[in-house]
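Please treat every number below as a calculation from the coordinates, not as lab data. Quick caveat: nothing in here was measured; it's all calculated off a predicted structure. Quick reminder, even Gly has a Cβ in these numbers, built from the backbone with ideal geometry, and neighbours come from all protein chains shown.
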Amino acid sequence: MRIIGGRARGLHLAPLGAGDAAAHLRPTPDRVRESIFNLLINGGHDAPVQGARVLDLFAGTGALGLEALSRGAAHASFVEEGKTALALLRRNIALMRAEGETQVLRRDATRPGAQGGAGFDLVFLDPPYGKGLGEKAIAACHAGGWFAPGAMIVWEEGSAPLPPPGLDLVDQRRYGDTHVTLLRMPR
């Protein structure tokens, strides 16, 4: 795994190693991550990356949020509760020297609580596939004020999800076993 573009292009992230089988880490492959950012930046979807406040839910290794930082995002907050994933995430933040631009929140992405500050412009959502956790996380984050008006949500899932009520479907693509759905919050 490596950063694909921007200021940290080519930086190799911490290897998963044998890992913890119970951690269920499934990092977004480089090829899919590159496709997502091409879609956001060059896809004509008015997706904020440059200067964005990014939220990476079910962050795992943090590759999506760190990629956004490399490409000009102002800040990234990572929500993760797994011990193995948190260790890898913190290692990757250190490798990228992004401690001053990041915040790691150890909590369940389906129950994040209220967000006290400004909402996030760009949200990455990569839950364990097929468990309905994406829908729960979107509902909980919306209720908690985590999303800025007009926020773009990039949702990875094993099958194409239906947009939750109140969100606009912007685009939907399939990359192998991964379906990427772009949703927009109302402005």
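Structure values in brief
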quantity: Stretchable slack from R187 to D46, in nm (0.36 nm times residue separation minus alpha-carbon distance); calculated: 49.5 nm
quantity: GNM flexibility winner over the chain from I138, I41, I93 (Cα, springs under 10 Å); calculated: I41
quantity: Binned Cα-Cα distances of segment 27-184, short to long, each 5 Å bin given as a whole percent; calculated: 2, 10, 21, 25, 23, 15, 4, 0
quantity: Total charge dipole magnitude, the chain, about the Cα centre, Cβ charges on Lys, Arg, Asp, Glu only, Debye to nearest 20; calculated: 320 debye
quantity: Separation in nanometres of the label points that stand 7 Å from Cα toward Cβ, at R7 and N38; calculated: 2.5 nm
quantity: The chain: most fluctuating residue of A52, A63, A160 per GNM, C-alpha cutoff 10 Å; calculated: A160
